[in-house]
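Reviewing the structure listed below.
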Amino acid sequence: MQETFLTIIEVLGTIAFAISGIRMAAAKQFDWFGSYVVGLVTAIGGGTLRDVLLDIPVFWMLSPMYLSVTGISLATVIIFQRLMVGGMRTLFIFDAIGLALFVVVGIEKTIVAGFPMWVACVMGIITGSFGGVIRDILLNEEPLFFRKDIYATACLAGGLAYWLLSMLPIAQWIPQLTCAVVVIGLRVCAVHFKWSLPILHVNTAPSEDKA
């Protein structure tokens, strides 16, 4: 039952992240194949790194479903291109949903693999964020992960909420749902209220040459 639940979340997250990647590639005027590749690496990049670090079989190599789902996502963007490509709000919605779902998947898979909760929080961040880092690099954009935006921080907050609630004698779906809500809520609030982390300022003025 738990494995089926994780698969469903992973597929939904794959759809959301693939659409966000394909939508960004379309804005850069990539062709269909290029857009598919960007959507695919956005969807599977974080989970691939997670599974390699956990030394477990890489999830998308066990089933062609994820490649097919990305193809369906591409077809969806092509068919509904006016809705999908028009405006940043669509990109933000799919990116936030994919981020939240993949954080939950990353945490759950790490726990199932027998690692402690602090490792699960780190893997949740990697699962949710790393695909977007690869996407931005391929599109020659500054990765959102390294900007002052509340992005990886939202993943961390969601992981901590999961960790705290998992200590209580409650149903397993409550920490999972809370984690996703915290991630999406922080992303929405950060954009709406223009929240951001402080920028690290370093004095780069050259020192005077000594005589």
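Listing for the model above:
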| item | result |
| --- | --- |
| Any hit, the stretch 48-62, residues being at pLDDT 90 or above, of a type in the set (V, I, T) and within 15 Å of G128 (Cβ to Cβ) | yes |
| Residues satisfying the stated conditions in the stretch 53-86, i.e. of a type in the set (S, T, N, Q) and touching a residue at least 24 places away in the same chain (Cβ under 8 Å) | T70, S73, T76, Q81 |
| Checking F130 against (1) farther than 22 Å from A27 by Cβ; (2) modelled with pLDDT of 90 or more; (3) touching a Leu at 6+ places or on another chain (Cβ under 6 Å), the condition it does not meet | (1) |
| Qualifying position, being over 15 Å from the mean Cα position of the chain (by Cα) and at pLDDT below 90, among F17, F5 | F5 |
| L91 vs. criteria surrounded by 16 or more Cβ atoms within 10 Å (Cβ to Cβ) and more than 11 Å from the chain's Cα centre (by Cα) | yes |
| Any hit, the stretch 65-84, residues being at pLDDT 90 or above and either of a type in the set (D, E, K, R) or not in a helix (DSSP H, G or I) (or both) | no |
| The listed residue being closer than 20 Å to I15 by Cα and within 16 Å of the chain's Cα centre (by Cα), out of I150, I107 | I107 |
| Filter result (exposed (fewer than 15 other Cβ atoms within 10 Å of the Cβ) and touching a residue at least 60 places away in the same chain (Cβ under 8 Å)) within the stretch 28-52 | K28 |
| Hits in the stretch 172-186 (condition: of a type in the set (A, V, I, L, M, F, W, C) and at pLDDT 90 or above) | I174, L177, C179, A180, V181, V182, V183, I184, L186 |
| Residues within the stretch 35-71 that are within 17 Å of D95 (Cα to Cα) and over 16 Å from the mean Cα position of the chain (by Cα), tallied | 4 |
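The values are calculated or read from the model by the stated rules, or taken from the named source; none is laboratory data. If you're wondering where the values come from, they're calculated on a predicted model, not measured in any experiment. Every residue, glycine among them, receives a Cβ derived from its backbone with ideal geometry; neighbour counts consider all protein chains shown.
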